[in-house]
Amino acid sequence: MIRYRERIAAAVGARVFYGWAIVLVAGVAIMASGPGQSHTFSVFIDPISRDLGIGATALSGAYGFATLVAAFGLPLMGRLVDRHGPSRMMLIVVVLLGAACIAFGLVPGMVWLAFAFGALRFLGQGSLMLTSANVVSQWFSRKRGLAMSMMMLGFSASMAVHPPASQWLIEQVGWREAWFWLGLSTWIVMVPLILLLLHDVPERLGLVPDGGARETASAPGASRVSPAWGLTLAEALRTRTFYIVAAGLFTMSMLVTSLHFFQVAIFTHHGLSATMAAWIFPLSAVTAVVVQPFFGRSLDRFATPRMFGASLLVLCASLVSITLVRDPLTAVIYGVIFGVNNAASITLFGYLWPRYFGRRYLGSIQGTGQMIGVVGASLGPLPLGIAVDLTGDYSVMLWSLAVIPLLMAVLTQFLKETGPAEPGH
């Protein structure tokens with residue numbers, strides 16, 4: 001298998017920088033994380049609620065608590081990535097994610113539902129996204145913004161595919177069997193790609209990040225070259241920049257998750273059909289596909305604090321615009337705004353940690369940062385669940401939550417460099 005991988009890498013590398021093959025694999029992995037993402041769960045809320053007799057607050061509470069517990073395993077996953085490499089850990093995560101999907105369709109009640117939520121969130125929304133972002137960060141520096149944005153097209157693809165596909169599966173075979181097919185498809189798509197195409201760092205193939213001359217044959221141990229710079233987790237935690245980045249990503253994760261989780265419910269509450277609500281996800285995905293490459297190039301060209309702040313303002317607009325959805329036109333307007341929001345936020349999740357803290361100990365730092373983001377995601381659905389159960393409406397809470405990204409947009413303007421700037425930054 002190793003020989004085949006090397007032959008494939010040589011054949012591809014003769015035509016194009018192999019890092020773009022890594023971006024392709026990581027992008028498909030991001031798409032494969034869909035069963036652990038909120039836009040997929042959104043379609044299952046009503047069927048699960050009816051089948052198990054669980055209300056909105058209890059369901060969002062179980063989802064949030066399970067996500068919170070799962071988040072605390074991500075620093076360990078980050079350390080394992082640093083120790084064993086992202087390709088080996090990605091393979092393990094994919095195998096477990098497929099099994100977790102199949103097990104999710106067998107849950108008998110609230111307790112097992114919470115465990116299943118936790119497994120899917122840890123493996124899909126947490127670990128698979130962490131390993132994907134890690135391996136792309138190792139292969140790119142000057143072009144990292146563009147590479148991350150191209151990788152994150154996988155998230156847009158998941159938004160386009162998983163909600164309508166899941167809705168169709170629910171209508172055909174029921175929500176439980178739908179999870180079996182989601183798990184099986186995860187294995188079929190991802191396992192061959194990881195085994196045949198994925199390599200941890202460019203140095204192992206005699207390459208350098210972004211492309212360039214191969215190491216000479218006389219350079220002993222070229223495959224063992226370490227990334228040139230990076231803070232340890234302890235060093236990163238002593239910087240102000242770490243906490244500003246973490247707070248901004250926490251805000252994005254929390255509020256984007258709440259919108260994904262309750263999109264179908266909010267639309268139906270405003271009189272639109274569940275089918276139309278599900279199809280707004282692909283609209284947002286198409287918008288993100290168009291916007292993401294431009295956003296990625298902008299990250300490579302313009303000041304990071306300005307791009308971060310602008311992204312938070314778009315998040316604010318998403319929270320406000322969903323309260324105005326009343327018909328197909330306003331639904332489409334929201335879908336486009338939310339698509340721009342997704343393009344920005346999902347790219348920043350992979351871009352910011354290596355941008356400010358380097359590659360050498362990236363797994364540990366990403367794991368801790370990802371944990372903070374997932375904690376935000378765990379809290380996101382709860383305020384809206386409580387609001388609808390107490391008042392029967394979402395709008396007041398959504399307007400209140402929109403204040404948070406406004407404040408964070410100001411805070412991000414105080415970001416500072418933490419070490420020698422990487423090339424192109």
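The values are calculated or read from the model by the stated rules, or taken from the named source; none is laboratory data. These numbers were taken from a predicted model, which means no experiment stands behind them. When we count neighbours, we look across all protein chains shown, and the Cβ atoms used for this are built from the backbone with ideal geometry, even at glycine.
Kindly evaluate Ser298 against the criterion of being under 24 Å from Pro354 (Cβ atoms) and more than 19 Å from the chain's Cα centre (by Cα). Judged against the criteria, Ser298 is a match.
Of all positions in segment 86-101, at least one carries a residue that is of a type in the set (Ser, Thr, Tyr), in a helix (DSSP H, G or I) and farther than 23 Å from Met159 by Cα.
The single residue among Ala377, Ala409 that is among the hydrophobic types (A, V, I, L, M, F, W, C) and modelled with pLDDT of 85 or more turns out to be Ala409.
Going by the conditions given, is Met129 crowded, with 24+ Cβ neighbours inside 10 Å and touching a residue at least 40 places away in the same chain (Cβ under 8 Å)?
Details: crowded, with 24+ Cβ neighbours inside 10 Å: yes; touching a residue at least 40 places away in the same chain (Cβ under 8 Å): yes.
Answer is yes for this residue.
Among the residues of segment 168-190 satisfying the criterion of being of a type in the set (Phe, Trp, Tyr) and crowded, with 17+ Cβ neighbours inside 10 Å, which is modelled with the lowest pLDDT? Only one residue tops the list, namely Trp175. Among the residues making up segment 322-367, those that are buried (at least 21 other Cβ atoms within 10 Å of the Cβ) and of a type in the set (S, T, N, Q) are Asn341, Asn342, Ser345, Thr347, Ser364, Gln366.
I'd like to verify a number: residues in segment 102-128 that are of a type outside the set (Val, Ile, Thr), in a helix (DSSP H, G or I) and out of contact with any Phe, Trp or Tyr (no Cβ under 7 Å at 6 or more places or on another chain), how many?
Matching residues across segment 102-128 total 15.
Please tell me if Phe357 is farther than 28 Å from Val286 by Cα, at pLDDT 90 or above, touching a Lys or Arg at 6+ places or on another chain (Cβ under 8 Å) and among the hydrophobic types (A, V, I, L, M, F, W, C). Walk me through how you get there before you give the answer.
Working: farther than 28 Å from Val286 by Cα: yes; at pLDDT 90 or above: yes; touching a Lys or Arg at 6+ places or on another chain (Cβ under 8 Å): no; among the hydrophobic types (A, V, I, L, M, F, W, C): yes.
Considered against the rule, which asks whether it is farther than 28 Å from Val286 by Cα, at pLDDT 90 or above, touching a Lys or Arg at 6+ places or on another chain (Cβ under 8 Å) and among the hydrophobic types (A, V, I, L, M, F, W, C), Phe357 comes out as no.
Taking segment 147-158 as the range and being surrounded by fewer than 24 Cβ atoms within 10 Å (Cβ to Cβ) and closer than 23 Å to Val208 by Cβ as the test, only Met150 passes.
Residues that are under 25 Å from Ala133 (Cβ atoms), part of a helix (DSSP H, G or I), within 19 Å of the chain's Cα centre (by Cα) and free of Cβ contacts under 8 Å to residues at least 40 places away in the same chain are absent from segment 56-65 altogether. Given the structure, is Gly339 among the small types (Gly, Ala, Ser) and closer than 15 Å to Met254 by Cα? Against the criterion (among the small types (Gly, Ala, Ser) and closer than 15 Å to Met254 by Cα), Gly339 does not qualify. Among the residues of segment 69-84, is any farther than 24 Å from Val135 by Cα, assigned to a helix (DSSP H, G or I) and not basic (Lys, Arg)? Yes - at least one qualifying residue is present in segment 69-84.
Being among the β-branched types (Val, Ile, Thr) and without any contact (Cβ under 8 Å) to a residue 40 or more places away in the chain is the filter here, so list the residues in segment 291-336 that pass it.
Kept after step one, since they are among the β-branched types (Val, Ile, Thr), are these residues of segment 291-336: 291, 304, 314, 320, 322-323, 325, 330, 332-333, 336.
Selection gives Val314, Thr330, Ile333.
If the requirement is being of a type in the set (Val, Ile, Thr) and more than 17 Å from Leu91 (Cβ to Cβ), which of these qualifies: Val161, Val191?
After ruling out the rest, the residue left standing is Val161.
Annotation: of all residues in segment 1-51 being in a loop (DSSP other than H, G, I, E, B) and in contact with a Pro (Cβ under 9 Å, 6 or more places away or on another chain), the one that is surrounded by the fewest Cβ atoms within 10 Å (Cβ to Cβ) is Phe17.
Might you check whether a residue that is closer than 30 Å to Asp46 by Cα and surrounded by 21 or more Cβ atoms within 10 Å (Cβ to Cβ) occurs anywhere in segment 271-279?
Within segment 271-279 (the criterion being closer than 30 Å to Asp46 by Cα and surrounded by 21 or more Cβ atoms within 10 Å (Cβ to Cβ)), the answer is yes, since at least one residue qualifies.
Of the residues screened, Val403 is not one that is more than 29 Å from Ser298 (Cα to Cα), of a type in the set (A, V, I, L, M, F, W, C) and modelled with pLDDT of 90 or more.
Looking only at segment 364-387, decide whether some residue is outside any helix (DSSP H, G or I) and more than 18 Å from Ala58 (Cβ to Cβ). Explain how you work it out, then say what you get.
Within segment 364-387, the subset outside any helix (DSSP H, G or I) is 380.
Among the residues that remain, those that are also more than 18 Å from Ala58 (Cβ to Cβ) are: none.
Checked segment 364-387: no residue is outside any helix (DSSP H, G or I) and more than 18 Å from Ala58 (Cβ to Cβ).
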